[in-house]
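Encoded as structure tokens, the structure appears first; notes follow it.
Where a number appears in this text, it was derived from the coordinates with a stated rule and is not lab data. These numbers were taken from a predicted model, which means no experiment stands behind them. Cβ sites come from the backbone with ideal geometry, for glycine too, and all protein chains shown count toward neighbours.
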Amino acid sequence: MSRFDHLDIGLVVRGHGRHYIVESQDGLRRVCHPRGKKSDCVVGDLVRWAPSGSDEGVVEAVEPRRNLLFRQDEWKTKSFAANVDQLLILVGVEPVFSETQLCRALIAAEAADISTTIALNKIDLPGTPSARERLAPYRAMELPMMELALTADREGSAALLTPWLAGKKTFVMGPSGTGKSTLINLLIPDAKAQVGEISVALNSGRHTTTTTQWYWVDAERQTALIDSPGFQEFGVKQVEPMQLPLLMPDLRKHAGNCRFYNCTHQHEPGCGVRDAVEAGLISASRYRIYGEILAELTSKRW
Ligand SMILES: Nc1nc2c(ncn2[C@@H]2O[C@H](COP(=O)(O)OP(=O)(O)O)[C@@H](O)[C@H]2O)c(=O)[nH]1
Ligand SMILES: [Mg+2]
Ligand SMILES: [Zn+2]
């Protein structure tokens, strides 16, 4: 019980600097301000809010979260969203995706206990076989995968996505230029309206994806897509170094074979992970990226 339990619950559908757009249960969206200086709610949060002025509100409290997807570097933490059911990482045949960023996103999702599917978009392009090859280690890890051609085969892509999304809140992540906006517009015909409504409330004309945005796919508001701006940096400082291999399923599978229980899989003798790399069971690039992230997590800042 909290002293705000009598207030209505709303859903944060967008963050905008120091204020938020909160959707109340009747579907109305209004600008809400945090009480006091602190502003720590994120898209997907359920909040207790109270009306203020004629058409705005005040966020009084954030309900406990089921999960929180975020990245963390040396200096700051950046939350993506809370309370999501699944993550869709969209990569494209073009532009060639960064495997490091892909690994980091997967680690952050594992750490937040959010199940992930990788979708390869633009399979109408000739670079498709080599993109598939780069994703082979992920397929071998038994990560669910999908192949899309969001512009070249709209119907086929929608037929794959629609049942997979139904009834869930899906966070869509991926580098820019891979087709995230195309996907949103394909599945949500009134996407522009859902943003436009907010832009009017904020007196801002900008419709670009510069902030994370919650969209309802269906009129019943059961299925949601959360669109995010493309990411560049992706720190995973929230992870304990010893936990890192456990968040990488291919490494985790072999870490039990190491001689030392606290093996870092770097130089120790009798290392099951390095044996697996040598045997081709763990991809050399994944192992290299593991080493890079581990170095980051164990580096000391004075
Ligand atoms: N060839 C091809 N181009 C696509 C496909 N899907 C999206 N694109 C193009 O890729 C570009 C970037 O798409 P966009 O949705 O803006 O990417 P975002 O930055 O992730 O939001 C646009 O020019 C799209 O038309 C596809 O399946 N095949
Ligand atoms: Mg976009
Ligand atoms: Zn080891």
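Summary table
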read-out	value
Residue 86 paired with residue 3, simple spin-label distance in nm, labels 7 Å along Cα-to-beta-carbon	4.3 nm
Cβ-placed point charges (K, R +1; D, E -1), dipole of the chain about Cα centre in debye, nearest 20	720 debye
Contact order relative to length of the chain, as percent, for alpha carbon pairs under 8 angstrom and 6 or more apart	15 percent
Share of alpha-carbon pairs per 20 Å distance bin for the chain, given as whole %	31, 53, 16, 0
Aspartates and glutamates whose Cα lies under 13 Å from that of residue 192, excluding same-chain neighbours fewer than 8 positions away	227
Residue 90 long-range amide H proximity, modeled H, under 5 Å	119, 173, 174
The stretch 1-22-the stretch 226-277 distance, computed between alpha-carbon centres (Å)	37 Å
Residues of the stretch 122-145 with amide N under 13 Å of a point placed 7 Å along Cα→Cβ from residue 151	122-126
Sum of side-chain charges, residue 31 neighbourhood, beta-carbon under 9 Å (Lys, Arg +1; Asp, Glu -1)	0
Gain in span if fully extended, residue 55 to residue 18, counting 0.36 nm per residue against the direct Cα distance	11.6 nm
Residues listed by number, the stretch 109-130, amide nitrogen under 14 Å from residue 160 label point at 7 Å toward C-beta	117-125, 128-129
Sum of side-chain charges, residue 251 neighbourhood, beta-carbon under 11 Å (Lys, Arg +1; Asp, Glu -1)	+3
Residue-averaged [θ]222 nm for the chain, counting only DSSP H segments that reach four residues, each worth -39500 (n - 2.57)	-8500 deg cm²/dmol
Residue 133-residue 40 FRET efficiency (beta carbon distance; Förster radius 41 Å; 0.05 resolution)	0.45
Zone of residue 237's modelled label, taken as backbone nitrogen in the stretch 48-88 under 15 Å from a point 7 Å along Cα→Cβ	70-79
Among the listed pairs 122/169; 122/180; 78/237, those beyond 19 Å (Cα-Cα)	122/169
Unit charges on C-beta of K, R, D, E only; dipole of the stretch 57-169, Debye	120 debye
